[in-house]
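**Student:** One structure coming up, written as structure tokens, with questions to follow.
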Amino acid sequence: MSLPPPRDLGHGIYTIAAPLPFKSPPWVNVYIVEAGDGLLMIDCGTDWDEGRDAIRSGFASLGLTESSVHSLVVSHLHLDHVGMSKRLVEELGCRFIMHERASELVDRYNDTPGYIQRLRQMAVVHGIPETLANAATDIERAHYMPLIDKPDHVVVDGDLIDLGGGRFLEVLHTPGHESAHICLRDSASGILFSGDHVLPRISPVIMYDGEGDPLGDYMNSLQRLIDIGIQLTYPAHGQIVERGDERARQILLHHVRRLSDMSEMVREADTNAWEVMTKSFRPNLDPLQARLAFLETISHLERLRLDGRINGYDRDGKVTYGR
Ligand SMILES: [Zn+2]
């Protein structure tokens, strides 16, 4: 797998591809923005030497100095975005910025046993057959996912992160893929740093985590970007998106279609999330893909239930969906 080279994107914005220790996605786009008397970094990848080396050599080849980084902003609390934060903040001595909700979620991020427990619970409630449940929930915390610290600076929707010279990054809270997810809009160029909220080619997985309406949140957050009329979009994975609003519309349509497919399936005969998942996704998913597809399916079914399009019945601690 060859990584794209570090690039000067203009407008005082640079990007470095930091490789990730898994097949997909193969790298995260780290963005560096000139900010007053220093630099601001957006996202940082997982904590492993290949990623750290790529950032170091990327800075060198762009003619930038790492010690000029005064702020690290993280789009959301997933390991491919926040994983290396503790190491970088310690090495560079920079501020560490996330959405305010991330403060609470850091405890969850650090708590692998708690995550496994919630996953096992959902496996039982939403119908994963016992023979498969262990494989689906057999998770160990990876070496590239060390514990992280809470941010020392939090932001909320509408906050402006000062870049100097009257320029700023506007914080847009875009929950869905993760409830503390933020996008950042550059006041000078209109460019949107979209994190995983809007990605080219793939639609970010919307994982149910035991409560709430993550898909509803996600679709609302997409609609908001469409209403704003976002154009040039710098995503955290893959290539630059010229028309962010069109891409957001495509992803929204994908979910609208999947919702009506699943709604039809459920209204034909009572079923559970696991069965809907096996009928909706291609067969032979590996354990990680199966887990993500399962959690995404629950997000869809809960959206349909909250919308009144289907019902959910709790029978002896197991949820059945039907008309
Ligand atoms: Zn990601």
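Every number in this text was worked out from the coordinates using simple rules, so none of it is lab data. Just so you know, these numbers come straight off a predicted model, no measurement behind them. Counting neighbours? That spans all protein chains shown, and the Cβs are built from the backbone with ideal geometry, glycine included.
**Student:** Roughly how many debye, to the nearest 20, is the charge dipole of the range 10-120 about its Cα centre, given +1 on each Lys and Arg Cβ, -1 on each Asp and Glu Cβ, and no other charges?
**Tutor:** Charge dipole of the range 10-120: 380 debye, to the nearest 20.
**Student:** OK, next. Percent of Cα-Cα pairs per 10 Å bin, from 0 to the last occupied bin, for the range 93-177, please list those.
**Tutor:** Going out from 0 Å in 10 Å bins, the range 93-177 shows 14, 31, 28, 18, 8, 2, 0 percent.
**Student:** Let me ask something else. Report the Cα centroid-to-centroid distance between the range 154-231 and the range 268-316 in angstrom, as an integer.
**Tutor:** For the range 154-231 versus the range 268-316, the Cα centre distance is 26 Å.
**Student:** Related question: Size of the dipole of the chain about the Cα centre, Lys and Arg at +1 and Asp and Glu at -1 on the beta carbon, nothing else charged, in debye to 20?
**Tutor:** 840 debye
**Student:** Nearest 10 degrees, 0 to 90: what angle lies between the long axis of helix 100-110 and the longest principal axis of the chain (Cα atoms)?
**Tutor:** The helix 100-110 is inclined about 70 degrees to the chain.
**Student:** Moving on. Which GluC sites (Glu not before Pro) does the range 181-252 hold that lie in a coil by DSSP with at most 11 other beta carbons within 10 Å?
**Tutor:** Filter output for the range 181-252: E211, E242.
**Student:** I'd like the orientation of helix 287-306 relative to the chain: the angle between its Cα long axis and the longest Cα principal axis, in ° from 0 to 90, rounded to 10.
**Tutor:** Computed tilt is about 70 degrees.
**Student:** Lysines within cross-link reach of K23: Cα-Cα under 30 Å, excluding same-chain residues under 8 positions apart?
**Tutor:** Partners within reach: K86, K150, K279.
**Student:** What ranking do I298, I226, I148 get, fewest neighbouring Cβ atoms within 10 angstrom at the top?
**Tutor:** Least to most surrounded, the residues fall as I226, I148, I298.
**Student:** Starting from the Cα-Cα distance between I202 and H11, subtract it from 0.36 nm times their residue separation and give me the gain in nm to one decimal.
**Tutor:** Full extension of this stretch gives 66.1 nm more.
**Student:** Give me, ordered by chain and number, the residues 5 or more places off N272 or on other chains with an amide H under 5 Å from its own placed amide H.
**Tutor:** For N272, the qualifying residues are Y321.
**Student:** As a test of the formula, what do you get for the chain when each DSSP H run with n ≥ 4 contributes -39,500 (n - 2.57) and the sum is divided by the residue count, at 222 nm and rounded to the nearest 500 deg cm²/dmol?
**Tutor:** -12500 deg cm²/dmol, from helical runs alone.
**Student:** May I pose another question? For a footprinting-style exposure proxy, rank E275, E268, E302 by other Cβ within 10 Å, fewest first.
**Tutor:** E268, E275, E302
**Student:** Let me ask another. Quick one: which residues, 5 or more positions from H99 or on another chain, have an amide H under 5 Å from its amide H? H modelled 1.01 Å from N in the peptide plane, none for Pro or chain starts.
**Tutor:** Under 5 Å from the amide H of H99 lie the amide H atoms of V155, each far enough along the sequence or on another chain.
**Student:** Tell me, what HN-Hα J-couplings in whole Hz come from the Karplus equation 6.51 cos²θ - 1.76 cosθ + 1.60 at θ = phi - 60° for each residue of the range 74-81, using x for Gly and Pro?
**Tutor:** With coefficients 6.51, -1.76 and 1.60, one gets 10, 5, 6, 8, 10, 4, 7, 10 Hz.
**Student:** A further question on this structure: Using Cβ counts within 10 Å as a stand-in for footprinting exposure, how do H255, H153 rank, fewest first?
**Tutor:** In order of increasing Cβ crowding within 10 Å: H153, H255.
**Student:** On to the next question. Which Cα, out of A102, I139, P175, lies furthest along the positive dipole direction of the range 65-175 (beta carbon charges, K/R +1, D/E -1)?
**Tutor:** Sorting the options by dipole projection puts first I139.
**Student:** Output ³J(HN,Hα) for the range 193-200: one whole-Hz value per residue in order, computed from phi by the Karplus curve 6.51 cos²θ - 1.76 cosθ + 1.60 with θ = phi - 60°, and x for Gly and Pro.
**Tutor:** 8, 9, x, 9, 5, 10, 10, x
**Student:** Which residue, chosen from L295, V82, S280, occupies the Cα position most advanced towards the positive end of the dipole of the chain, where the dipole is computed from +1 (Lys, Arg) and -1 (Asp, Glu) charges on Cβ about the Cα centre?
**Tutor:** My answer, from the dipole projection, is S280.
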